[in-house]
1. A:Ile144: under 20 Å from the mean Cα position of the chain (by Cα) and in the same structural domain as A:Leu21 (by TED's automatic domain parsing), yes or no?
2. Looking only at residues that are out of contact with any helix residue (DSSP H, G or I) (no Cβ under 7 Å at 6 or more places or on another chain) and within 14 Å of chain B (Cβ to nearest Cβ) in region A:194-220, which one is modelled with the lowest pLDDT?
3. Just to verify a result, which residue in region B:101-126, among those that are at the interface with chain A (Cβ under 10 Å from one of its Cβ atoms), open to solvent by less than 10 Å² (accessible area, probe 1.4 Å) and touching a Leu at 6+ places or on another chain (Cβ under 9 Å), is nearest to A:Arg321 (Cα to Cα)?
4. Please work out which residue is least open to solvent (accessible area, probe 1.4 Å), limiting yourself to region A:406-419 and to residues that are of a type in the set (D, E, K, R) and touching a Phe, Trp or Tyr at 6+ places or on another chain (Cβ under 8 Å).
5. Tell me, which strands (runs of 3 or more DSSP E) wholly within region B:172-237 include 1 or more residues that are open to solvent by 70 Å² or more (accessible area, probe 1.4 Å)?
6. Can you tell me which residue among B:Ala73, B:Ala34, B:Ala84 is more than 14 Å from chain A (Cβ to nearest Cβ) and under 16 Å from the mean Cα position of the chain (by Cα)?
7. Can B:Ser13 be described as assigned to a strand (DSSP E or B) and over 14 Å from the mean Cα position of the chain (by Cα)?
8. Going by the structure shown, is A:Pro301 within 20 Å of the chain's Cα centre (by Cα), crowded, with 24+ Cβ neighbours inside 10 Å and not hydroxyl-bearing (Ser, Thr, Tyr)?
Amino acid sequence: MLPKLIKFVLLTRFSRPLLGLVAFFLFYDIAIRGLTGGNGSDFSGGFSYYAVGSSIFFIVMSLLFGGLFVLKSDRDYLLTLPLRRRDLSAALFIAQFIGSGITILFLYGFYVAGAGGLGDAIVLVINLVLLACLVTALGVVSNILETWKRAVLAVLLGLWCSSSILGFGFTPVSAFTGQVLYGSIILFALTAVTVPVALRELAYLEMGSIRSLLRATSTEYKTSMSFVGKGPIRAIYSYHLSFLELMGRVNIGGSTSYRTARIRTRTVLIISIAAAAVYTYLTGFSSIDALRLDVLVPIIPVFMGVITLVLMAQGTFSNERGWLAFTAMDPAKYLRNLLLSRVLSILAILGPFGAANIVLAFLGTGMSSGFGHTLSFPLSAAIVLLVTVPSASILATYIVARVGAVQQVREEGMMPGQFDIRQFVAILPIYFVIGLIIVSEIFLSASIVIASALTLISAALLISSGVWRGIAYRLTEKGFI
Amino acid sequence: MGPCIDVQYVSKSYGKTVALDDVSFSIPCGERYALLGPNGAGKSTTLRLLVGLLKPDTGTIQIDGHEPFSPEAKSILGYLPEDATPYRTLSVRENLEYIAALRGVRDVASATNKFLDDLSLREYERAKVGKLSRGNMQKLAIALALIHNPKIVLLDEPLNYLDIPTQERVFKMLKSLDSTQIVSTHIMSIATRLTDKVLMIARGKIIWNGTIDALKSMEVGDEPIESVVARLMTGAS
């Protein structure tokens with residue numbers, strides 16, 4: 001029964017071509033790249049920063065944006081069937097793992113597979129699989145936690161894992177900084193606690209997460225927007241500049257959540273300014289010799305770029321309502337202003353960090369970092385954050401909509417449909433843009449050229465009415481109403 | 001007076017699936033039509049073409065003499081799709097005000113307040129739409145479709161999810177509108193109460209066009225009107 005159930009659960013959530021592609025990439029990434037090009041024996045160098053940073057990112061994102069790979073039809077049919085709960089939770093956990101945890105194996109599987117000796121490689125691969133299970137489990141567990149508990153847990157776990165960079169061996173990611181024994185024990189213990197909780201939650205979804213989603217509570221907004229006395233264009237900007245919306249498949253760090261939420265842009269701006277001030281102090285003024293904090297200068301724009309591009313590309317249209325917006329005014333005019341207003345709103349996050357990097361450039365931060373072209377790092381980072389990422393987000397949004405990979409959120413917490421290869425393919429250009437961001441970080445001249453080119457392409461896209469009317473028709477044909 | 005809706009030789013396919021095949025019909029201004037047809041007949045596609053959300057592969061559509069996607073047509077069309085969901089992150093009031101502003105309604109506050117009261121949404125005006133019950137969401141969707149007092153109203157199963165008192169209120173509201181209406185429905189009592197004429201569609205083609213009275217006259221003995229419609233849809237004699 002279990003194999004049949006696993007097959008059913010997987011095929012109702014992921015298309016066969018997508019599963020095939022995932023299997024191929026996994027094999028290629030770990031087996032081929034790991035065995036032929038792996039050089040992960042030095043765990044004290046750049047790999048440590050990369051692996052620890054990425055792990056923290058995945059853990060934090062899973063806790064904050066963790067979601068369930070559950071369909072509306074599961075609620076109505078699958079969960080009502082007389083299935084053994086153990087089988088059900090196992091099948092759903094595997095689906096969760098493929099949908100979220102597996103991303104970790106892609107990102108640094110080849111490093112650990114190619115680690116020095118066979119013994120090291122085996123231990124690190126086990127660590128990686130455990131980490132993937134932990135991230136998967138945290139994504140499930142986060143659904144039963146209130147928002148503030150998720151945030152507190154994310155901060156605590158993030159700080160704990162960060163301490164591994166300072167040489168603390170008792171963290172879940174210490175194996176990646178050379179503390180293989182203690183790191184493995186801690187990671188195993190944490191996984192052994194969280195996975196059973198996640199399995200239990202998946203076994204009784206209708207009594208836990210789904211019931212809380214369906215609870216007939218009416219959430220009242222304390223602060224509301226008013227559109228009285230505003231024309232159509234002002235209304236669009238007023239909406240999107242007042243609140244930042246998180247919605248759609250918030251697919252960051254492998255997490256998947258179909259939620260719709262909004263945060264006041266002013267609040268986001270204040271938090272971002274505070275974070276940028278801390279960042280400026282740490283990278284420009286602090287003198288903790290043990291830490292290479294200047295390395296944050298090129299890393300931060302990459303992480304912020306990933307988050308912004310994914311949020312914009314997959315979230316811009318997820319809460320859009322074609323039957324209202326496209327019938328009220330010309331879809332081209334509407335979408336053009338929608339995109340511009342959303343780009344302006346994301347500058348509330350990116351802007352303070354862009355300004356902080358300009359300050360760092362004046363301070364000469366990075367002069368002694370030894371990377372070469374050091375002075376250009378903060379300037380490049382400022383260009384990336386203020387121009388490249390906002391421009392690229394328009395392009396990314398267009399590509400995702402053009403290939404029909406947008407999923408409209410119609411029911412809170414439920415997958416709107418099966419993941420197919422289009423959603424996978426649509427995300428690839430985003431990685432290309434990330435590559436451009438990395439190149440921009442290294443060469444100031446490249447940064448200027450790439451930022452200019454992306455701005456020109458995005459401007460040309462925005463100007464073309466035909467492009468956006470075509471997107472509106474395409475979205476409608478895909479059932480996006 | 002010319003037709004408010006004029007559809008000539010319109011075809012629309014999704015890939016290899018033909019949704020509408022060389023369809024032509026006209027609806028004079030002020031008339032109320034029920035759009036009937038079995039599942040997958042092409043009813044929703046027809047409404048989406050009329051409202052300019054889709055473009056026909058061939059043929060022409062005129063809304064009061066304008067192309068459906070023109071600003072002139074958009075300003076006089078009101079559309080409610082089946083299972084309509086408003087903006088989930090906005091409150092009820094914000095949804096009404098936002099759409100009224102997008103549509104260029106002069107007095108946004110008055111229009112909003114009118115629908116909050118008429119559809120008993122006042123107590124939910126600050127509530128997040130994503131947390132509303134399906135019935136209240138449908139009431140809001142109806143209000144959003146009508147907030148600009150459209151001259152032409154296209155409704156797809158408007159009474160879905162509504163309780164009986166609200167259904168009666170919506171009946172009254174729609175009957176009081178001075179507009180051309182097309183109501184797509186599977187429920188004959190809705191068709192007979194809201195409309196006078198019927199456009200029947202099956203397998204992408206118009207198969208019958210006439211008055212409700214003409215349809216009733218085809219009843220045999222105690223046969224209900226639903227049986228007549230079923231006969232016509234299935235092609236039975």
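1. Numbers: under 20 Å from the mean Cα position of the chain (by Cα): no; in the same structural domain as A:Leu21 (by TED's automatic domain parsing): yes.
Considered against the rule, which asks whether it is under 20 Å from the mean Cα position of the chain (by Cα) and in the same structural domain as A:Leu21 (by TED's automatic domain parsing), A:Ile144 comes out as no.
2. Among those residues, the one meeting the criterion is A:Ala216.
3. B:Leu102
4. First pass over region A:406-419, keeping only residues of a type in the set (D, E, K, R): A:410-412.
So of that shortlist, the ones also touching a Phe, Trp or Tyr at 6+ places or on another chain (Cβ under 8 Å) come out as A:411-412.
Details: A:Glu411: 58, A:Glu412: 32 Å².
The qualifying residue least open to solvent (accessible area, probe 1.4 Å) is A:Glu412.
5. Working: elements: B:180-184, B:197-202, B:205-211.
Those strands (runs of 3 or more DSSP E) span B:205-211.
6. Numbers: B:Ala73 fails: more than 14 Å from chain A (Cβ to nearest Cβ); B:Ala84 fails: more than 14 Å from chain A (Cβ to nearest Cβ).
None of the other options fit; the residue is B:Ala34.
7. Details: assigned to a strand (DSSP E or B): yes; over 14 Å from the mean Cα position of the chain (by Cα): yes.
For B:Ser13, the condition - assigned to a strand (DSSP E or B) and over 14 Å from the mean Cα position of the chain (by Cα) - is met.
8. Values: within 20 Å of the chain's Cα centre (by Cα): yes; crowded, with 24+ Cβ neighbours inside 10 Å: yes; not hydroxyl-bearing (Ser, Thr, Tyr): yes.
Against the criterion (within 20 Å of the chain's Cα centre (by Cα), crowded, with 24+ Cβ neighbours inside 10 Å and not hydroxyl-bearing (Ser, Thr, Tyr)), A:Pro301 qualifies.
The values are calculated or read from the model by the stated rules, or taken from the named source; none is laboratory data. Predicted, not measured: the structure shown is a model, and the values here were computed from it. Every residue, glycine among them, receives a Cβ derived from its backbone with ideal geometry; neighbour counts consider all protein chains shown. What goes into the accessible areas is simple: the full protein's heavy atoms, side chains included, and nothing from ligands, DNA or RNA. Shrake-Rupley method; radii C 1.70, N 1.55, O 1.52, S 1.80 Å.
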